[in-house]
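A quick write-up on the structure given underneath.
Quick note: the coordinates plus some simple rules give every number you see, no bench work behind them. A quick note: this is a predicted structure, and the numbers were derived from the prediction, not measured. Cβ atoms come from the backbone with ideal geometry, glycine included; neighbour counts cover every protein chain shown.
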Amino acid sequence: MINISENRFYNGKTSPLFNKDIAQQARQFHSKIAGYAPTPLISLPQLAKQLDVKAILVKDESHRFGLNAFKVLGGSYALGRVLANHLSVDISAIDLKTVSSKLDKPMVFTTATAGNHGTGVAWAAREMGQKAVVYMPKGAAQANVDRIKALGAECIVTDVNYDDTVRFASRTADENGWMLIQDTAWDGYEQIPTWISQGYMTMADEALEQAAAMPQGVPTHVMLQAGVGAMAGGVLGYLCDKLGPDNFKTIISEPAAADCIYRSGTSKNGDITCVSGDLNSIMGGLACGEPNPVTWPILRDCSDLFASVSDNVSATGMRILGNPLKDDTAIISGESGAINMGLLYLLATQAAEIHSIATSVDLNQDSVVMIFSTEGNTNPERYRKIVWEGMLAVDGPA
């Protein structure tokens, strides 16, 4: 159910790509978008008491621009930076509602996605008067396909896994002269993935500002989920620059079917290690087998624990958040959003060997734990099966 390991490569080295100054630039860009507002940071005091920690703070990204997920932060910022470069202006001069009037014709943006990233790119392209073509891996949920199409984008489901779909989208972009907006990187394609991860720092900047204004204070522990590691790396880089890497502990989690960050972090030399195959997991947004080389260094250098978990861990987190203890706030969290709530619950309640790992990172009565619920019920039918019908029980099959 859980494989968890201490990071022996930790050195506390921060990243010049992900810091508080760039986070402020990204947040200023997002704040100019109609409908922008910080998403809630919700305290769960009764659950904290139950799990014997000081506080649990959950950033609820189901409220982000009405899109039910955080990913639009990265896609919109990257599109803004691309258009700013194309027009030879500063990013501060880009206005989503007027930028199309400065172009001779719309640009075509394309991407590969498990769902939320493609939704964000499609939304940002529509808001900027541009076009989007989105590719999804085999097994993509029809709800995600429909959501992307409803935003005016073309959406095509391939017959290969996520990482091969990324390669297909890249080739298609080259052949057609389109602009690829991908949240992972490779040799020769680093700038746009960097901008995407920098866009995610808006979420972290909001969360830290909100936490500082709450009686519990800033986090002592941060739990971040990883697919390719784009969000985890951007958020961790910002927090290390803002708080100092030695002033909080970080746990990075992934689905066991696609645990490329865990395998990289537990490899002999800390080298990027990929996972192949179908990558089947209910956590579709995290079902990625190849780490992002732009963000891997900060994850390697500043994470404290790497965890690989089965799907029923996330399902448990969904049920906990959606059915809270009395006086706590209910949070609708989807499969990729709830992984760390499930993991925290098991760290606090399960077998001694798991609990000892929690002790190794000082997870105790003085801990303020911050979790990012990165999506709501983006797949409503499966959400009901998990939360209503008990699909993937914690003591059931993975």
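Which length gain, in nm to one decimal place, applies between GLN142 and ASN3 when the Cα-Cα distance is subtracted from 0.36 nm times their residue separation?
Values: separation 139, 0.36 × 139 = 50.04 nm, distance 3.12 nm.
Going from the current span to full extension adds 46.9 nm.
Find the centroid of the Cα atoms in the stretch 56-105 and in the stretch 283-340, then give the distance between the two in whole Å. Computed from Cα coordinates, the inter-centre distance equals 25 Å. Highest mobility in the GNM of the chain, judged by mean-square fluctuation with C-alpha springs under 10 Å and restricted to HIS355, HIS117, HIS63, is found for HIS355. Length gained on full extension, LYS32 to GLU175, computed as 0.36 nm times the residue gap minus the Cα-Cα distance: 48.1 nm. With helices as the sole contributors, the chain gives -12000 deg cm²/dmol at 222 nm; each DSSP H run of n ≥ 4 counts as -39500 (n - 2.57), and the sum is divided by every residue.
Evaluated with a Cβ-only charge set (Lys, Arg +1; Asp, Glu -1), the chain carries a dipole of roughly 700 debye about its Cα centre, given to the nearest 20. Once the Cα atoms are used to define both axes, helix 191-212 deviates from the longest principal axis of the chain by about 50 degrees. The listed peptides 166-172, 65-71, ordered by packing as a protection proxy, come out as 65-71, 166-172 (highest mean of other Cβ atoms within 10 Å first). In plain terms, the bigger the Kirkwood radius, the slower the diffusion; for the chain, with that radius from Cα pairs, at 20 °C and 1.002 mPa s, Stokes-Einstein puts D at 103 µm²/s. Computed over neighbours whose Cβ is under 12 Å from that of TRP388, the net charge equals +2, Lys and Arg +1, Asp and Glu -1.
Where the alpha-carbon atoms of the stretch 276-398 are placed on the principal axes, they occupy 40, 39, 26 Å, in descending order. Spin-label model, SER276/LYS97: points 7 Å from Cα along the beta carbon direction are separated by 5.1 nm. Between ALA93, ALA211, ALA173, the Gaussian network model of the chain with springs among Cα atoms under 10 angstrom shows the greatest mean-square fluctuation at ALA93. Taking every alpha-carbon pair within the stretch 212-338, the share separated by more than 25 Å comes to 28 percent.
Among ILE252, ILE298, ILE94, which one shows the highest mean-square fluctuation when the chain is modelled as a Gaussian network with alpha-carbon springs under 10 Å? Comparing ILE252, ILE298, ILE94 in a Gaussian network model of the chain, the most mobile one is ILE94. Residue ranges 267-276, 137-146, 229-238 sort as 229-238, 137-146, 267-276 when ordered by packing (mean number of other C-beta atoms within 10 Å per residue, highest first).
Using the beta-carbon distance between GLU389 and ASP159 and R0 = 25 Å, what value does 1/(1 + (r/R0)^6) give for FRET efficiency, to the nearest 0.05?
With R0 = 25 Å, the Cβ-Cβ based efficiency is 0.25.
Across the stretch 86-101, computed HN-Hα scalar couplings (Karplus, 6.51 cos²θ - 1.76 cosθ + 1.60, θ = phi - 60°) run 4, 9, 6, 10, 6, 4, 5, 8, 8, 10, 4, 7, 10, 5, 5, 5 Hz from first to last residue, x flagging Gly and Pro.
Calculation over all alpha carbon pairs of the stretch 72-182 in 10 angstrom steps from 0 returns a P(r) of 16, 48, 28, 7, 0 percent. With respect to the chain, whose longest principal axis is taken over its alpha-carbon atoms, helix 116-127 is tilted by about 40°.
Measuring how big the stretch 45-105 is from its alpha-carbon positions, Rg and Dmax come out at 19.1, 60 Å.
Of the beta bridges in the chain, as assigned by DSSP with both residues counted there, near 25 percent are antiparallel. In order along the stretch 244-251, the phi-based Karplus estimate (6.51 cos²θ - 1.76 cosθ + 1.60, θ = phi - 60°) of 3J(HN,Hα) comes to x, x, 8, 9, 7, 10, 10, 10 Hz; Gly and Pro are listed as x.
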